Structure formats: structure tokens, C-alpha cells
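The values are calculated or read from the model by the stated rules, or taken from the named source; none is laboratory data. Keep in mind the model is a prediction, meaning the values are calculated, not measured. Counting neighbours? That spans all protein chains shown, and the Cβs are built from the backbone with ideal geometry, glycine included. Just so you know, the surface numbers come from the protein's heavy atoms only, side chains and all, with ligands and any DNA or RNA stripped out. Shrake-Rupley method; radii C 1.70, N 1.55, O 1.52, S 1.80 Å.
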Amino acid sequence: MNCDNNESEAAKAVVRRNTVEVQGGGDWAVFEELFADGFLDHTPQPGRTPDKAGALELYQVLRRAFPDFQAEIHWQAADGNLVTTYKVYHGTHQGGFFGIAPTGRKIHFETVDAMRVVDGRITEHWGVANLFSLMQQLGNPSGTD
């Protein structure tokens, strides 16, 4: 293995840990371990700050709304320390979300994101999530409040 491949594999492992242990398991101690203090989200969700605190808040909102929130990683690709992941999130709507009261509905939505990992910590994020599909599944066909 060359050095670049080692860097890519290590970066992919960090992103997988975030997906499984933090997003899927709600392990906030692992979030603190994996996210750099200077983390920057280039595509923050509406109403969220583009920093580490905003990312944590988003993850916590998702876990409250969908306590069984899990992601199925379909593929990951890495270019050095930049990891792109295609995944499908699954969960059951059991808490308020974007002003929608719990419906008990099973949901799923696709996401593609890229995360930069430096020295074992996530420093940057870019992402696109199919939130329109999610809102339709929750009974808000316009995707608006």
C-alpha cells in the first residue's frame, strides 16, 4: 500500500465511525473525539450554524425525532483525506421534526456527503440530502412548514 492509500483508508474508517457510532448510536463522546474544534460545514442545514456545535445540534435533533436513526452505507470513495459517502438513512418518526408532530412512520432518505479528515478528526463537510423525500414521507408533500 502506498502512503496515500493508507491515508484514504484511515479517513474512511473515521467517517464510518461517525456514521455508525455517532449518527446511528447517539454516542456524543465519540462525536467529541472525531470532530475537530475548528470543524466547518460548507452546507449546513437551515437554522444550524456551520460549526461543530451546529453539527452536534443537527445530530441530536435527528436522534430525538428518529430514535432508531441508522444509516446504510452503500459506498465510500476517498481521495487522500477527503471521503465521499453515499448512504441511506432509516428511522421511525417518534419526535417532532421541522414542526411536524410524531407520525410513527418509517422513513428513509438518501444522502451524499464529503468529509475531510485531518489527524483522525473531521475538519470539513459538504453534503446533499434528499429532505424533500423525507418531508413527503412525513405527510408534508410541499416540503415546507
Looking at (1) touching a residue at least 40 places away in the same chain (Cβ under 8 Å); (2) in a strand (DSSP E or B); (3) among the small types (G, A, S); (4) closer than 25 Å to M135 by Cα, find the lone condition where A114 falls short.
-> (1)
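Right, F98: farther than 30 Å from N5 by Cβ and open to solvent by 60 Å² or more (accessible area, probe 1.4 Å) or not? Spell out how you get there, then give the answer.
Values: farther than 30 Å from N5 by Cβ: yes; open to solvent by 60 Å² or more (accessible area, probe 1.4 Å): yes.
Judged against the criteria, F98 is a match.
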Test set (1) under 25 Å from N6 (Cβ atoms); (2) open to solvent by less than 40 Å² (accessible area, probe 1.4 Å) - D119 fails condition number = (2)
Please enumerate the residues belonging to the stretch 1-42 that are surrounded by fewer than 13 Cβ atoms within 10 Å (Cβ to Cβ) and not in a helix (DSSP H, G or I).
-> M1, N2, D37, G38, H42
Name every residue in the stretch 43-72 that is touching a Phe, Trp or Tyr at 6+ places or on another chain (Cβ under 7 Å), small (G, A, S) and part of a helix (DSSP H, G or I), in order of residue number.
-> A55, A65
For residues that are open to solvent by 70 Å² or more (accessible area, probe 1.4 Å) and over 17 Å from the mean Cα position of the chain (by Cα), scanning just the stretch 64-95, find the one that is nearest to S133 (Cα to Cα).
-> Q94
When the stretch 73-88 is checked residue by residue, the ones that are assigned to a strand (DSSP E or B) and in contact (Cβ under 8 Å) with a residue 24 or more places away in the chain are I73, Q76, A78, D79, L82, V83, T84, T85, Y86, K87
Residue set G47, G54; condition free of Cβ contacts under 8 Å to residues at least 60 places away in the same chain and over 24 Å from L82 (Cα atoms); output residue G47
Can you tell me which of H108, H74 is at pLDDT 95 or above and out of contact with any helix residue (DSSP H, G or I) (no Cβ under 8 Å at 6 or more places or on another chain)?
-> H74
